[in-house]
Amino acid sequence: MQDFETLKANFINFVPLKRGGQKAVFSAKHKQYGNVVVKLFFKADDRSKREIDINKSLSFDCVPAIYETGQVIYENIETLFAIEQRVDGEELRTQIERGDRFNLKEAVCFLEQCLLFIQQLESKNIIHRDIKPENIIISTENKVYFLDFGIARIIGIQSITNTTAVVGPHTPGYAAPEQFNNLKNVIDSRADLFSIGVVTYECITGLNPFSEGASSHMEILQRTETVSPVTFQIKGDTQQQFMGLLSSLMGKYPSRRPSNSIQALNWLNAAKSTFQYEEDWQ
């Protein structure tokens, strides 16, 4: 098995990007694949393998392609690696923190791309379960890319998370109540729709409606179950149809959200006739 230095010899401009408890991510340029990111998974467990398998199985143009996977010795440990397409763009979290805010037209374009992504996932019985600004890149051409299938679930395949666990895998502030309460029998793509609603709301207002002002992880979860996001008046949303759709996506109970991405897309398309974009204000 090759060591990490041997693997690195295939790249130039090999630069660390981030490191967490589960994996390290590097930016580099590969001799064959061009601009890439290299991911090292510290634990060769079922979840890491499933993340790679799910990502490799997707042929979505909104998900970076995986070019190569294998094993390497890193810090004296046998480690999984993946070489992945690097998108020329910027993390959505960076844009939000810089103070960028979506106007109505930008929000509609973003939400539409998100819902089309969910529709593709539904066709493969996959739930992403970790849609958040850190896992979204906006390319230089304003195309939305979705990253990190680390806690994704394939419906109908045995779950990795213990069914008796009180709390399921989640990111507080973006996960739906049924997800962090580990109610597996009701978790489906509507959990991803919830996350999409929260992210879009945050891109418009600059605020996460559940984590803003919360002092702890537990308080965020409690607010997610009890607090309804404040209705925000979006300029050009003449009949508040767009805000109404976001409120529905962020419904506390799955039954109060659109039943799937197609229903949400139909709502969005029907509402477009009521929108007045900035170029129409003249």
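Summary of values
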| item | result |
| --- | --- |
| Any chance Gln120 is in contact with a Phe, Trp or Tyr (Cβ under 7 Å, 6 or more places away or on another chain), outside any strand (DSSP E or B) and polar (S, T, N, Q) | yes |
| Scope the range 36-76; condition at pLDDT 90 or above and under 22 Å from Gln113 (Cβ atoms); matching residues | Val37, Phe60, Asp61, Cys62, Val63, Pro64, Ala65, Ile66 |
| Residues satisfying the stated conditions in the range 234-271, i.e. in contact with a Lys or Arg (Cβ under 9 Å, 6 or more places away or on another chain), loosely packed, with under 14 Cβ neighbours inside 10 Å and in contact (Cβ under 8 Å) with a residue 12 or more places away in the chain | Ser259 |
| Candidates Phe117, Phe81, Phe149, filtered to the one that is in contact with a Cys (Cβ under 6 Å, 6 or more places away or on another chain) and either closer than 19 Å to Lys18 by Cα or buried (at least 21 other Cβ atoms within 10 Å of the Cβ) (or both) | Phe117 |
| Residues located in the range 236-258, provided they are among the aliphatic types (A, V, I, L, M) and farther than 15 Å from Phe110 by Cβ | Met250 |
| Considering residues of the range 176-216 that are in contact with a helix residue (DSSP H, G or I) (Cβ under 7 Å, 6 or more places away or on another chain) and small (Gly, Ala, Ser) only, the residue surrounded by the most Cβ atoms within 10 Å (Cβ to Cβ) | Ala176 |
| Matching residues, the range 94-109, being under 14 Å from Asn135 (Cα atoms) and either touching a Cys at 6+ places or on another chain (Cβ under 6 Å) or crowded, with 16+ Cβ neighbours inside 10 Å (or both) | Gln95, Ile96 |
| Strands (runs of 3 or more DSSP E) contained in the range 1-55 and holding at least 2 residues of a type in the set (Val, Ile, Thr) and buried (at least 18 other Cβ atoms within 10 Å of the Cβ) | 34-41 |
| Test: residue in the range 98-113 that is part of a loop (DSSP other than H, G, I, E, B) and in contact with a strand residue (DSSP E or B) (Cβ under 8 Å, 6 or more places away or on another chain) | no |
| Condition met for Ile127 (under 21 Å from Asn55 (Cα atoms), surrounded by 15 or more Cβ atoms within 10 Å (Cβ to Cβ), aliphatic (A, V, I, L, M) and out of contact with any His (no Cβ under 7 Å at 6 or more places or on another chain)) | yes |
| Every pair of residues 6+ apart whose Cβ atoms lie under 9 Å, when the first sits in the range 131-144 and is closer than 18 Å to Phe194 by Cβ and without any contact (Cβ under 8 Å) to a residue 24 or more places away in the chain while the second is outside any loop (DSSP other than H, G, I, E, B) and of a type outside the set (D, E, K, R) | Asn135/Leu92; Asn135/Phe146 |
| Residue within the range 153-164 that is surrounded by fewer than 20 Cβ atoms within 10 Å (Cβ to Cβ) and under 12 Å from the mean Cα position of the chain (by Cα) present | no |
| The range 238-282, subset among the aliphatic types (A, V, I, L, M) and over 22 Å from the mean Cα position of the chain (by Cα), residue farthest from Gly197 (Cα to Cα) | Ala270 |
| Index of the failed condition, Val167 passing every other in (1) in contact with a helix residue (DSSP H, G or I) (Cβ under 8 Å, 6 or more places away or on another chain); (2) surrounded by 14 or more Cβ atoms within 10 Å (Cβ to Cβ) | (2) |
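Yes/no matrix, rows are residues, columns are (1) under 28 Å from Arg256 (Cβ atoms); (2) without any contact (Cβ under 8 Å) to a residue 24 or more places away in the chain:
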| residue | (1), (2) |
| --- | --- |
| Ile77 | no, no |
| Leu116 | yes, no |
| Phe146 | yes, no |
| Val166 | yes, yes |
| Leu183 | yes, yes |
| Ser195 | yes, no |
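The values are calculated or read from the model by the stated rules, or taken from the named source; none is laboratory data. Keep in mind the model is a prediction, meaning the values are calculated, not measured. Every residue, glycine as well, gets a Cβ built from its backbone with ideal geometry; the counts of neighbours run over all protein chains shown.
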